[in-house]
Amino acid sequence: MIAIIGGTGLANILNEGKEKIIYTKYGKAKIFESDETILLLRHGLKHSIPPHKINYKANIYALKTLGVNKILAINSVGSLKKEIKPGTFFIPNDFMEFTKKRDDTFYNDRVVHVDLTEPYCPSMRKVLKNILDSEGLEYNEGTYICTEGPRFETKAEIRFYSKIGDVVGMTGYPEVVLARELGICYSSLCSVTNYACGISKNILTVEEVFETVRKMEKHILNIIKELINSNFEPCSCKEAYEKGIV
């Protein structure tokens, strides 16, 4: 079973299936279930949940209880490099996080050290790249920097982040780690919506972000549909979790 976690600007185009509320010991999660997949909108239908207030643990745990073994996260990001252009896609192969107060592990009462040599499922990433190549869509790979939000970053922060990463966003962490802690394959498809503060000469606005996402909607939907019907090679995501248990 594959789940899609939708982000900024995608509530309208991904809202399909029957609505269901899943209650977990970490809180409740709202999903939309169809024959082919499960959709979870991390910001809610009306985009009312800010990135630092999302109940990531409830969301990931709810998907696990529904039998999900693969998650494709859709994220919007800002580019830290001039060569990574708005309107293109980005597939993270690593991350660094600079969040401050997020509950980012299921294991506060036991010792589990999960391996994150490849935090994003290599099998899913390979399929994503094949789809993007076949569609003739431009994309880059690299390191995703996750910040706390909800504000955009300062010029000084971006100068620092650009030395260690390629794109910056607010929702990629702790989803990726929580999925690994439950043995779920996780990959991210990022829409590059803008240049980060200080790289662009203009003031960054929310409308700029949403406008770019709207232009990419058709491609995102096609990629999701192809991914759902794809075959995946074996991977070690679940093994990384199992071998981390003390």
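If R0 equals 41 Å, the separation of the Cβ atoms of ASP133 and ASP109 corresponds to a calculated FRET efficiency of about 0.40.
Taking all protein chains together, HIS113, HIS43, HIS52, HIS219 sort by accessible area into HIS113, HIS219, HIS52, HIS43, largest first [probe 1.4 Å]. Students often get this wrong, so check it: of LYS20/LYS238; LYS218/LYS243; LYS18/LYS129; LYS64/LYS201, which have C-alpha atoms separated by over 32 Å? Beyond 32 Å between Cα atoms: LYS218/LYS243; LYS64/LYS201. If the chain linking LYS46 and PHE210 were pulled fully straight, counting 0.36 nm for each residue of separation and taking away their Cα-Cα distance, it would gain 57.7 nm.
Among the trypsin sites (Lys or Arg not before Pro) found in the range 190-224, those both in a DSSP coil and sparsely packed, with 10 or fewer other Cβ atoms within 10 Å of their Cβ, are LYS201. Probing with 1.4 Å while keeping every protein chain in the model, the per residue accessible area of the range 73-153 equals 47 Å². Surface composition of the chain: carbon plus sulfur atoms contribute 48% of the solvent-accessible area (1.4 Å probe, protein chains only, all chains present).
Straight Cα distances below 20 angstrom link LYS85 to the aspartates and glutamates ASP94, ASP133, GLU135, GLU138, GLU141, GLU153, GLU157, ASP166, GLU207, GLU208, GLU211, GLU217, with same-chain residues fewer than 8 positions distant left out. Across the chain, how large is the tail of the calculated P(r) beyond 32 Å, expressed as a percent of all Cα pairs? For the chain, the fraction of Cα-Cα distances above 32 Å is 14 percent.
Shown here for the range 102-169: trypsin sites (Lys or Arg not before Pro) in loop regions (DSSP other than H, G, I, E, B) with at most 15 other Cβ atoms within 10 Å, namely ARG110, ARG151. Gain on full extension, evaluated as 0.36 nm per residue between ASN222 and LYS155 minus their Cα-Cα distance, stands at 20.6 nm. Accessible area of LEU116 (1.4 Å probe, protein heavy atoms only, ligands and nucleic acids ignored): about 60 Å².
The values are calculated or read from the model by the stated rules, or taken from the named source; none is laboratory data. Everything quoted here is computed from the prediction, not taken from an experiment. Methodologically, a virtual Cβ is constructed for each residue, glycine included, from the backbone with ideal geometry; neighbour enumeration extends over all protein chains shown. These area figures cover heavy atoms from the full protein model, side chains too; ligands, DNA and RNA do not enter into them. Shrake-Rupley method; radii C 1.70, N 1.55, O 1.52, S 1.80 Å.
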